[in-house]
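Asker: Please see the structure below; I have some questions.
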Amino acid sequence: MRPAGSGNGRVVPAFPTPDYFDEKVIGVQPGMTLLDSFAERVLPFCCLHHAPSKLTEEEHADRAADHAYRIAHAMMRARRRT
C-alpha cells in the first residue's frame, strides 16, 4: 500500500509549517524536502563510517554527505515501491 502523499515523482515536503501574519494562518511554508530529511537522519552514521584518516576535514565531510544522499535516494526509491 502506498503512503498518503508519497510523491508520484514530485517533491514531497517533510515538515510543512504554517505561515502566520497578525496571528492568522496565511499560507504554508513547505519546509525541507523528504529527501533532505532522510539524508539528515543518516548523516551521523555516514560520518562515523567515513572516519577521517588521511582525508582533509572537507574531504571527509564531502564523502559523508555524498553517502548520506545516496542512502536517502535509495530510501525514496524504496518508498515509491511500497
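The values are calculated or read from the model by the stated rules, or taken from the named source; none is laboratory data. Just so it is clear, the structure is predicted and the values come from calculations on it, not from any experiment. Cβ placement follows ideal geometry from the backbone for every residue including glycine, while neighbour counts extend to all protein chains displayed.
Asker: If I go through segment 28-43 residue by residue, how many of them are among the small types (Gly, Ala, Ser) and more than 16 Å from Thr17 (Cβ to Cβ)? Quick ask: steps written out before the conclusion?
Answerer: Quick first cut of segment 28-43, residues among the small types (Gly, Ala, Ser) only: 31, 37, 39.
Going one step further and asking which of them are more than 16 Å from Thr17 (Cβ to Cβ), we end up with 39.
Residues flagged as among the small types (Gly, Ala, Ser) and more than 16 Å from Thr17 (Cβ to Cβ) within segment 28-43 amount to 1.
Asker: If I ask for residues that are more than 13 Å from the chain's Cα centre (by Cα) and either modelled with pLDDT of 95 or more or surrounded by fewer than 11 Cβ atoms within 10 Å (Cβ to Cβ) (or both), which ones from segment 43-76 would you list?
Answerer: Passing the criteria: Leu48, Ala51, Ser53, Lys54, Thr56, Glu57, Glu58.
Asker: Looking only at segment 26-82, filter to residues that are free of Cβ contacts under 8 Å to residues at least 12 places away in the same chain and outside any helix (DSSP H, G or I); which one of those is farthest from Ala14 (Cα to Cα)?
Answerer: Within segment 26-82, the match that is farthest from Ala14 (Cα to Cα) is Lys54.
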